[in-house]
Amino acid sequence: MGPLKESQRSSASLVVCNWKAYLGIEESVTLARNALALARSHATALWIAPSMLSLGSVAQAVRGSMVAVGAQNCFWDGKGAFTGECTADELIELGCTFAIVGHSERRNLFGETSASAAKRAHALLRSGLGVICCVGESAHERAQGHTLETILEQLAPLFPAPLARPGQMIIAYEPVWSVGSGQTPTASQIHEVHELIKTHAAQHVENLRVLYGGSVTAANAAELARAPSVAGFLVGGASTKLDSLKALLDTLG
Ligand code: PGA
């Protein structure tokens, strides 16, 4: 695991917007249209994960463009008696190309486990969709010095993964204590975890893309992206308003 060098430049070229349940359907469509205009004038790739009920309208609004649309969750089985769930086939029908799994809010508020997140990821991969799987330690786990073992535990059920193509799976490192808090790790701390993820995944996947997520804004993106392993960002709050999203993309180029 090499140390972080001052001279290393950012390779962050993807911003994934996690709109959580922040926006209504109309608001999501309006922001998606504006985000598409931004994407046309920036080099950074832009993916949007709106709320489940906004997915169809947002996918329609950006259809055929360079902006990818995905879900924030997805069930692991197909059609059947699964009240309240949605299937990968439905996401494909709506025009989605990816889904997020294992987000810390799913884990902490809705009982998601690493095993159930992996089941979702595998179903999505088998259906041909891309997957962004989130991992990250709590403040307590970091304070106890258990960050790396927590990440390895979360990754374990994901591999081996039924990948149909290179790049189909992305890992997002999102420390739980950083999500929505305004606090961020240092570039060196991100680098350490990213190296661990890449080393672990290397037995199974080539050239895995690893994102960083947690309180990313225009003000800290350049510093966070000093970790050369940061392929891009998973962004919550700052992606839900046009001015902060524009400022972020302006920073990244
Ligand atoms: P945040 O959320 O940018 O608001 O911290 C990130 C995320 O939850 O993916």
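The values are calculated or read from the model by the stated rules, or taken from the named source; none is laboratory data. Note that the structure is predicted; figures quoted are calculated from it, not measured. Neighbour counts are summed over all protein chains in view; Cβ atoms, including those assigned to glycine, are modelled from backbone coordinates with ideal geometry. Keep in mind that these areas ignore ligands, DNA and RNA; they rest on the heavy atoms of the full protein, side chains included. Shrake-Rupley method; radii C 1.70, N 1.55, O 1.52, S 1.80 Å.
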Assigned charges on the beta-carbon of Lys, Arg, Asp, Glu; the range 140-237 dipole about Cα centre (debye): 260
With all protein chains present and a 1.4 Å probe, how do 82, 98 order by accessible area, largest first? 82, 98
Charge context of residue 114, other residues only, Cβ under 12 angstrom, K/R +1, D/E -1: +2
Residue 189 neighbourhood, Cβ < 14 Å, K/R = +1, D/E = -1, net charge -4
State the Kirkwood hydrodynamic radius of the range 111-253 in Å, one decimal place, computed from all pairs of distinct Cα atoms. 15.6
Diagonalise the Cα gyration tensor of the range 84-145 and give the resulting equivalent ellipsoid semi-axes, square root of 5 times each eigenvalue, largest first, whole Å. 26, 11, 9
Residues of type lysines that residue 198 reaches as a straight line, Cα spacing below 21 Å, ignoring anything fewer than 8 places off in the same chain: 5, 119
Please check the chain for the longest run free of GluC sites (Glu not before Pro) that are loop-located per DSSP (anything but H, G, I, E, B) and have at most 16 other Cβ atoms within 10 Å. 86-205
Just order 13-19, 60-66, 129-135, 183-189 by mean Cβ neighbour count inside 10 Å, highest at the front, would you? 129-135, 13-19, 183-189, 60-66
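Hey, what number do you get for the chain at 222 nm if only DSSP H runs of n ≥ 4 count, each worth -39500 (n - 2.57), divided across all residues, to the nearest 500?
It lands at -10500 deg cm²/dmol.
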Within the chain, what whole-number % of the accessible surface is contributed by carbon and sulfur, with the 1.4 Å probe and all protein chains included in the calculation? 52
What is the spin-label model distance, in nm, from residue 140 to residue 206 if the labels are put 7 Å beyond Cα along the C-beta direction? 4.2
Scoring only Lys, Arg, Asp and Glu (+1, +1, -1, -1) among other residues with Cβ under 14 Å from the Cβ of residue 200 yields -4
I'm checking a number: the convex hull volume of the Cα atoms of the chain, normalised per residue, in Å³. What is it? 119
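For Cα pairs less than 8 Å apart in space and 6+ apart in sequence, what is the mean separation divided by the residue count of the chain, i.e. the relative contact order in percent?
23
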Between the range 193-253 and the range 73-90, how many Å separate their Cα centres? 29
Take every DSSP beta bridge whose two residues both sit in the chain, then give the antiparallel share in percent to the nearest 5. 0
Cα→Cβ-extended label distance, 7 Å offset, between residue 43 and residue 149, nm: 4.3
